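**Student:** Encoded as structure tokens, here's the structure I'll be asking about.
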Amino acid sequence: MFVKNAWYCAGWDYDVSQGKNVLVSRLIAGEHVVLYRKPDGVVVAMEDRCPHRQAPLSLGRKEGDSLRCLYHGMIFAADGQCTEIPGQSVIPPAACVRVFPVVEKDSWIWVWMGDPAKADPSLICFSVGPDNRDWNIKTSHMQVNANYRLEIANLMDLSHLTWVHRTSLGGTMKYTEAGAKHEINARGVDTKFWVRQVPVPFFSQHLFPEGTLFDLHFHVEMTIPCNFILHFRVFLAGTATEGPSDGQLVLDTYSCQAITPRDEDSVDYYYSWGASRETDSPGMSDMLREALDVAFLEDKEILEGQWQRLKQRGPEGNKVNIIHDTGPGKLLHVLDTLLKAEAPPAARQKSAAQ
Ligand code: FES
Ligand SMILES: [Fe+2]
């Protein structure tokens with residue numbers, strides 16, 4: 001199940017180039033969507049399904065602002081209306097295709113999958129994109145064949161850095177005892193915590209003399225459906241045990257990650273990592289992004305295996321809860337609240353009675 005009234009990331013802006021016939025097919029929250037750029041640069045998102053015999057419009061071709069289906073040649077304007085049926089002069093009213101509101105922001109393309117009248121751009125999550133001159137942000141993309149609720153649970157519980165990412169992002173047991181503070185809001189969860197007096201993440205330990213310790217600060221803003229914005233700062237270890245570190249800021253970074261459910265079984269994972277211009281150094285931001293390429297393959301292996309077992313045995317196979325389920329439970333609760341609000345009245349009454 002997916003929240004419909006939400007902005008879903010459909011990819012990086014460069015995915016939908018001005019190329020002569022670049023048509024990008026995406027599966028977003030169970031809907032096939034085709035994206036293309038008009039000659040003026042504006043992106044159009046249209047249902048990727050011809051209303052005649054359901055051929056993918058992404059197999060068609062751009063013609064000016066319009067899209068022609070290359071099965072029987074019908075043309076659809078950017079507002080979804082059919083403007084031509086070869087060999088037929090009358091255009092039936094049903095010859096139209098759904099179009100979705102689109103916004104480009106922070107080098108991401110966002111598509112609203114619900115009621116167009118409710119498509120409020122202020123609901124798009126904060127992020128720092130590669131177009132931001134103050135940051136050197138590097139980008140990537142991966143598909144994971146698991147349900148997006150497992151991605152939420154994974155990202156809301158960073159204790160897994162210690163175990164899943166022991167030779168990439170991990171490097172200390174202290175992630176398991178970070179004591180994160182979660183603040184819930186209407187569409188997400190805000191989480192802040194320190195991990196003090198630890199080595200830097202494993203992939204970067206070779207940059208410092210052995211035994212050098214740091215204070216790491218994490219600020220995560222997670223929003224529905226599964227957008228993870230991490231402000232990650234590294235300080236030389238100070239002596240403060242509360243409040244900010246009194247050590248020197250060594251590295252200031254943002255990692256912005258948007259996980260878009262394709263269907264119940266898979267997600268598209270668009271992610272980035274990079275340093276501030278003040279703290280960047282040659283090759284640093286590339287190394288950060290490459291570290292995520294490695295780490296997210298580690299997550300992918302765990303989550304895909306977990307999803308196969310969950311599908312086989314259902315939630316009854318989860319026999320125990322532990323402290324690290326607290327964070328995931330909070331964002332899943334926000335998600336379920338929004339899902340219930342969109343459910344038909346009969347389904348809402350049934351769930352209230354349970
Ligand atoms: S299926 Fe598109 S025109 Fe026939
Ligand atoms: Fe992970």
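**Student:** Got at least one residue in the range 105-123 being of a type in the set (Val, Ile, Thr) and under 30 Å from Asp325 (Cα atoms)?
**Tutor:** Filtering the range 105-123 down to residues of a type in the set (Val, Ile, Thr) leaves 109, 111.
Remaining after also requiring under 30 Å from Asp325 (Cα atoms): none.
Scanning the range 105-123, I find no residue that is of a type in the set (Val, Ile, Thr) and under 30 Å from Asp325 (Cα atoms), so the answer is no.
**Student:** From Glu84, Glu104, grab the single residue that is in contact (Cβ under 8 Å) with a residue 24 or more places away in the chain, on the phi < 0 side of the Ramachandran plot and either out of contact with any strand residue (DSSP E or B) (no Cβ under 8 Å at 6 or more places or on another chain) or surrounded by 15 or more Cβ atoms within 10 Å (Cβ to Cβ) (or both).
**Tutor:** Working: Glu84 fails: in contact (Cβ under 8 Å) with a residue 24 or more places away in the chain.
Just one listed residue meets the conditions, Glu104.
Yes or no, residue by residue, for (1) buried (at least 20 other Cβ atoms within 10 Å of the Cβ); (2) modelled with pLDDT under 95; (3) of a type in the set (Phe, Trp, Tyr):
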site: Tyr148; (1), (2), (3): yes, no, yes
site: Glu151; (1), (2), (3): yes, no, no
site: Thr162; (1), (2), (3): no, yes, no
site: His165; (1), (2), (3): yes, no, no
site: Glu177; (1), (2), (3): no, yes, no
site: Gly188; (1), (2), (3): yes, no, no
site: Trp194; (1), (2), (3): yes, yes, yes
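**Student:** Of the residues that sit in the range 87-101 and are surrounded by 13 or more Cβ atoms within 10 Å (Cβ to Cβ) and of a type outside the set (Val, Ile, Thr), which one is nearest to Gly129 (Cα to Cα)? Spell out how you get there, then give the answer.
**Tutor:** Within the range 87-101, the subset surrounded by 13 or more Cβ atoms within 10 Å (Cβ to Cβ) is 91, 95-101.
Imposing the further condition that a residue be of a type outside the set (Val, Ile, Thr) reduces the set to 95-96, 98, 100-101.
Values: Ala95: 38, Cys96: 35, Arg98: 29, Phe100: 23, Pro101: 21 Å.
The qualifying residue nearest to Gly129 (Cα to Cα) is Pro101.
**Student:** Anything in the range 174-205 that is aliphatic (A, V, I, L, M), more than 16 Å from ligand 2 (Cβ to nearest atom) and more than 20 Å from Leu288 (Cβ to Cβ)? List them, or say none. So that I can check it myself, show each step before the final result.
**Tutor:** Start the filter on the range 174-205 by keeping residues that are aliphatic (A, V, I, L, M), which leaves 178, 180, 184, 186, 189, 195, 198, 200.
Within this subset, residues satisfying the condition of being more than 16 Å from ligand 2 (Cβ to nearest atom) are 184, 186, 189, 198, 200.
Those that are aliphatic (A, V, I, L, M), more than 16 Å from ligand 2 (Cβ to nearest atom) and more than 20 Å from Leu288 (Cβ to Cβ): Ile184, Ala186, Val189.
**Student:** How many of the residues in the range 145-173 are part of a loop (DSSP other than H, G, I, E, B), among the aliphatic types (A, V, I, L, M) and closer than 18 Å to Arg309 by Cβ?
**Tutor:** Keep residues of the range 145-173 that are part of a loop (DSSP other than H, G, I, E, B), which gives 145-147, 156-159, 164-172.
Next, from what is left, pick out any that are among the aliphatic types (A, V, I, L, M): 146, 156, 158, 164, 169.
Then keep just the ones that are closer than 18 Å to Arg309 by Cβ; that gives 146, 164.
Selection size over the range 145-173: 2.
**Student:** Does Asp268 satisfy being closer than 19 Å to Trp7 by Cα, part of a strand (DSSP E or B) and not aromatic (Phe, Trp, Tyr)? Give the derivation first.
**Tutor:** Working: closer than 19 Å to Trp7 by Cα: yes; part of a strand (DSSP E or B): yes; not aromatic (Phe, Trp, Tyr): yes.
In short, yes.
**Student:** In the range 46-79, which residue that is of a type in the set (Lys, Arg) and assigned to a strand (DSSP E or B) is farthest from ligand 1 (Cβ to nearest atom)?
**Tutor:** Restricting attention to the range 46-79, the residues satisfying the condition of being of a type in the set (Lys, Arg) are 49, 53, 61-62, 68.
The next check asks that each one be assigned to a strand (DSSP E or B); those that pass are 61-62, 68.
Numbers: Arg61: 12, Lys62: 15, Arg68: 9 Å.
Per the stated criteria, the residue is Lys62.
**Student:** Of the conditions (1) within 19 Å of Lys118 (Cα to Cα); (2) surrounded by 22 or more Cβ atoms within 10 Å (Cβ to Cβ), Lys4 fails just one. Which one is it?
**Tutor:** That leaves (2) as the condition not met.
The values are calculated or read from the model by the stated rules, or taken from the named source; none is laboratory data. Quick caveat: nothing in here was measured; it's all calculated off a predicted structure. Please note: Cβ atoms are built from the backbone with ideal geometry, for glycine as well, and neighbour counts cover all protein chains shown.
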